[in-house]
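To start, the structure itself, in structure tokens.
The values are calculated or read from the model by the stated rules, or taken from the named source; none is laboratory data. Remember, predicted model here, so these are calculated numbers, not experimental data. All Cβ positions, even for glycine, are placed from backbone atoms using ideal geometry, and neighbour counts span all protein chains on display. Please note that ligands, DNA and RNA were not included when accessible areas were found on the heavy atoms of the full protein model with its side chains. Shrake-Rupley method; radii C 1.70, N 1.55, O 1.52, S 1.80 Å.
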Amino acid sequence: MSHELAETYACMPTTERGRGILISGDSKSNSILYTNSRSVVIMNLQNPLQVSVYGDHAYPVTVARFSPNGEWIASADVSGTVRIWGTRNDFVLKKEFRVLSGRIDDLQWSPDGLRIVACGDGKGKSLVRAFMWDSGTNVGEFDGHSRRVLSCAYKPTRPFRVVTCGEDFLVNFYEGPPFRFKLSHRDHSNFVNCVRYSPDGSKFITVSSDKKGIIFDGKSAEKIGELSSEGAHTGSIYAVSWSPDGKQVLTVSADKSAKVWDISEDNNGKVKKTLTSPGSGGVEDMLVGCLWLNDYLVTVSLGGTISIFLASDLDKAPTTFSGHMKNVSSLTILRSNPRVLLSSSYDGLIVKWIQGIGYGGKLQRKHNSQIKCLAALEEEIVTSGFDNKIWRVSLHGDQCGDAEAIDIGNQPKDLSVALLSPELALVSIDSGVVVLRGTKVVSTINLGFDVSASAVSPDGSEAIIGGQDGKLHIYSISGDTLVEEAVLEKHRGAITAIHYSPDVSMFASGDANREVIVWDRATREVKLKNMLYHTARVNSLAWSPDSRRISTGSLDTCVIIYEIDQPVSSRITIKGAHLGGVYGLTFTDEYTLVSSGEDAFIRVWKITPP
């Protein structure tokens, strides 16, 4: 057997309330770069399913940029480190430099690709540095800022200049290289969030939280114009981007709108069009990032929705897509249509994905509570959170209908629903289990040991409960009580996952000591053992619909697929499936496996039969 990556559903950029984020692009390949946690994501705008990821940073990444020739990418993180790596053949690392002592907020390449200027936060005076890209030697002194520097820009034509702006309300101008402080402007009355040079280098624009945008001369840095107050933004402006011909700019703001401005001959800006994205109108619709790349206008909202407008047809509704920003902990398929996936992350977001298309919308629930476990049935989803409640939410197509909460009085650890009699649900808590029928708690049973995982058979007649001590207890369910039938001892660590096979002839269990065991259900003997190929805790298990394959996902970032009737040596290992660990797994058909993980990505793998 072998495997290939068929589709990738990308995570969204990490956003922060009250701060802009800087996305960048490469005009030759129509790709954009953004960051989420320790990943740098390269996405092709013509085909958003074409995504590649760089995950070698040790700390959360803040900004990444293509070099002018598109061959290299420089990315920076919160520790002040800049890594420079190639865009081709496995992202080979060229250099790594420790540039600042704190987080880096923006970096820019010089137009000849030989120098990089980076700015951000740090101790003392070192808030901005320019250095040679191959040796890391300093190119000048940057004084004049007293607080965090949020953005910097490098003049794209000779004579070279560098402009920086930040939280001290200043816009500073440096001549060089080697760069020396020339002058500073205090025209803004709040944080200056972004500064950008026009493509021909004749002028630059700064935008600020005081809702103003000011245009300066590119060579002498004198103020030559500003964005008109007519139809202007009513909230902080977080980011700005020039059109390729330098005659228009795109701005985004906390007032949830993006505006395209015409920059006239006298260097003042008038609103040409206000772009609004469809949304609920809540805080998550505030726009925090933008980019004008060739014919595409890209905006990013606080809730992580990317909208793509076309410059040639601004009246056309934008293409929007979204995804997760946090660890995707549960993954399930809709029973009625196995091509449709539901995924949830602990921040309470449930996203629907359609194979071959990608993002299919967010499931809006009336009560947005956090989610730990998610199960999907024909017409409803069952979720458990951190607030002692189990929710049963009815589904009508894309929309969630009425939701009913069941308070079980303890924090749920694991949730299992009997597929053939879906009113029966088994919820494990610290000391035992809670049996639910419909929306009623019929019994809370103290089992006398620490419970760590549970599963209920599809017909609702049997339950398997795993303990912290590594023992599997098998119970028969009669009425509302559990009767212990057997105790299986084989595991050497706390049980983390238990799953019945679809034909109910077997069940599998995984533990925190990296072992997986497949058991025969009738004889309760071990059917497949020595499945010890992970190097860390097993987080998830999934059976193929024909019960012939089982896959396991672990904290060690790998997914392993075993054939039940083959020796374990014929397994497939997918290394590095998800940065930070694999948390969700499900088969959609005999040879298609979907995984999700800590990196907020969802990946679809195709397995080729032997």
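Only Lys, Arg, Asp and Glu carry charge here, each on its Cβ (+1 for the first two, -1 for the last two); on that basis segment 297-451 has a dipole of about 140 debye about its Cα centre. Using the Cβ of LEU33 as centre and a radius below 12 Å, the other residues enclosed give a net charge of 0, where K and R count +1 and D and E count -1. Applying both filters, DSSP loop and at most 13 other Cβ atoms within 10 Å, to the trypsin sites (Lys or Arg not before Pro) of segment 324-404 gives ARG335, LYS366.
Over segment 1-154, what portion of Cα pair distances is larger than 28 Å, expressed as a whole percent? Present the calculation step by step, with values, prior to reporting the outcome.
Working: 2165 of 11781 pairs.
Across segment 1-154, Cα pairs with separations above 28 Å total 18 percent.
Sorted into 10 angstrom bins from 0, the C-alpha pair distances of segment 340-435 split as 16, 50, 29, 5, 0 percent. Segment 401-443 and segment 229-244 have Cα centres spaced 50 Å apart. Applying the criteria of a DSSP loop state and at most 15 other Cβ atoms within 10 Å to the GluC sites (Glu not before Pro) of segment 15-112 yields GLU16, GLU71.
Of the residues ALA10, SER478, ASN388, the one whose Cα sits farthest toward the positive end of the charge dipole of the chain, with +1 on the Cβ of Lys and Arg and -1 on the Cβ of Asp and Glu, is ALA10.
Probing with 1.4 Å while keeping every protein chain in the model, the per residue accessible area of the chain equals 39 Å². Near SER476: Cβ cut-off under 15 Å, other residues only, Lys/Arg at +1 and Asp/Glu at -1. The net charge is -3.
In whole Å, what is the distance between the alpha-carbon centres of segment 521-545 and segment 247-280? Centre-to-centre distance over Cα atoms comes out at 56 Å.
For the chain, the Cys residues with no second cysteine's beta carbon closer than 4.7 Å are CYS11, CYS165, CYS194, CYS290, CYS373, CYS400, CYS558. Each 5 Å bin from 0 upward holds the following percent of the Cα-Cα pairs of segment 495-554: 4, 21, 32, 25, 14, 3, 0.
Pick the calculated Rg and Dmax of the Cα atoms in Å for this structure from (i) 27.9, 101; (ii) 33.5, 91; (iii) 27.3, 86? The value computed from this structure is option (iii).
For segment 146-233, the list of trypsin sites (Lys or Arg not before Pro) that fall in a loop by DSSP and count at most 11 other C-beta atoms within 10 angstrom reads ARG186.
What is the percent carbon and sulfur in the accessible area of the chain, measuring with a 1.4 Å probe over the protein chains and ignoring ligands? Of the solvent-accessible surface of the chain, carbon and sulfur hold 46 percent.
Counted by Cβ distance under 15 Å from THR276, the other residues give a net charge of +1, where Lys and Arg count +1 and Asp and Glu count -1.
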